[in-house]
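Down below is the structure, laid out as structure tokens.
Nothing in this text is a laboratory measurement; each read-out follows from the coordinates by a stated rule. A quick note: this is a predicted structure, and the numbers were derived from the prediction, not measured. All Cβ positions, glycine included, derive from the backbone under ideal geometry; neighbour counts span all protein chains shown.
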Amino acid sequence: MTAPHEFSALDQYRLLQRGELGVVELTQHYLDRIEARNGELGAFFTVTAERALERARHVESHIPRSTRLWGMPFADKDLWRREGVRTTFGSRAFADYVPETSDELPRVLDEAGGVSLGKTATPEFGMTSHSETALAPAARNPWNLDLGPGGSSGGAAAAVSAGLLPFAPGSDGGGSIRIPAAACGLVGIKPSRGRVPALSGIDALGGLPVAGPIARSIADAAFLLDGMIGRRGSLIDDHFALRAPSEDDGDFLGYAIRGEGRFQIGVCVDSPWSTSHEIVVDPEITAVLEDAVTLISELGHGIEEVDLAPAPAYGAAFTTVWQAGAAQIRLGSDATVRASDADADGDVEPLTRWLRRRGRELSAVQLAEALAELSRFERRVIGDFSGFDAILTPTLALLPRPIGWYDAVDPESNFAQQVEYSPFTSYVNASGLPAVSLPVGMSSGGLPIGVQLIGRPGGEGILLALARQMERRLRWDVRHPPTWE
């Protein structure tokens, strides 16, 4: 008999809708898998089994089946507060923090009928492209437990890849959805700035962080994305004028299922970090990118190379804004700044301490200049890519990194390692564009390799359609890591 987790998320939802699978039954199935597997994976910081089963009974009895995610299990990334559930932000400074209210995104997912099973692992304050933290054992990659799953949504990706969740929401301020998706053989969507109102990026410094889905297939990712957007008239109904007011919500699953259209694709292997860091792409990743180019051409799309305009000031500007964002982190279990910030700094890891202190040393003029540079960069990138429906790039420059590879002592070295690992992701956040990472190949050592598709502003539909065409040919959605069984 086929176990529930072996079905796609969308098929699990259909089974729930037809009454062939119960919400409590599905919730218990995933809780059992988490209990059996999380010890080796470290995908969850907190599992809320009793609360999840109570929620499942409530959904089954009182929530309309018409809600978008009715009965579907998920987990909150442990950067988001959920009322009454320990929320650590991946930091020892918040090891015992239990919030009294929930953030918007968990509330939107609840309104959509979802069932939260707990909190997925994240590095301290989600600031890194890995998921190692002093708070708990490192999250591990289901394809090879000696390797990391990437970050900062690494726990979410590890859980989905190993079949501990059907899909998972993540957040992405510099690649934090796409990086772990690529490392774990999954689909990850970084939406356009403003697309997901509960974590839109518009109200954040530099407009960098947005929320998006991680899943095993294009359709499952689109399914969750629709649920994350929410309905008009619901808890969240401000769509920040990204789209025309008459445009309907919840259309992305249709794009992913139909997978229609012929498009003009640009191939770009430039990174704006190359002027400040030595960027070397692993030859196996280059080979998979070339395979993707061949596949896209065989599918009937136009394809040609495109270059980014030189951006020598990008690296310094992005680093400045990242440091300024870290400077806003408030420490202490009561989520307020302590009287002695030096005491508070003792609770955080060297990288966070360095980022916060550098950020607090910045002048208003320095921050304003960095923000202005990123704004100019955004306009240039959109102009460079304007002749194409989508841009194809590597997602990562290197294969998944071993646990302990990142420098835990020297924060500047740690930051440089992150840039060298993922030099193709952060500039998409800076430019506010949508992007999808999807698995297309395998390394000689049996590790998944992903590529990134970058769209026009608000162009998620085209990305989903093109990615689905590629997925139909590659059938990556039915491949699983060794830890699956």
Quick check on region 116-138. Is at least one of its residues among the β-branched types (Val, Ile, Thr), surrounded by fewer than 24 Cβ atoms within 10 Å (Cβ to Cβ) and more than 12 Å from the chain's Cα centre (by Cα)? no
Return the pair list, or none, for Cβ contacts closer than 6 Å from residues in region 252-280 that are among the acidic types (Asp, Glu) to residues that are in a loop (DSSP other than H, G, I, E, B), at least 6 apart or on different chains. 270/307; 270/308
Are there helices (runs of 4 or more DSSP H) fully within region 1-97 with at least 1 residues that are crowded, with 19+ Cβ neighbours inside 10 Å, out of contact with any Phe, Trp or Tyr (no Cβ under 9 Å at 6 or more places or on another chain) and among the basic types (Lys, Arg)? List them. 23-41, 49-62
Subset of region 345-391, residues polar (S, T, N, Q) and either buried (at least 18 other Cβ atoms within 10 Å of the Cβ) or in a loop (DSSP other than H, G, I, E, B) (or both), comes to 352, 363, 386
Restrict the check to region 188-199 and report whether at least one residue is touching a Phe, Trp or Tyr at 6+ places or on another chain (Cβ under 7 Å), closer than 18 Å to residue 123 by Cβ and crowded, with 24+ Cβ neighbours inside 10 Å. no
Residues of region 280-320 classified as farther than 16 Å from residue 452 by Cα and surrounded by 21 or more Cβ atoms within 10 Å (Cβ to Cβ), total: 5
If you take the residues of region 178-208 that are under 13 Å from the mean Cα position of the chain (by Cα) and basic (Lys, Arg), which of them is nearest to residue 228 (Cα to Cα)? 190
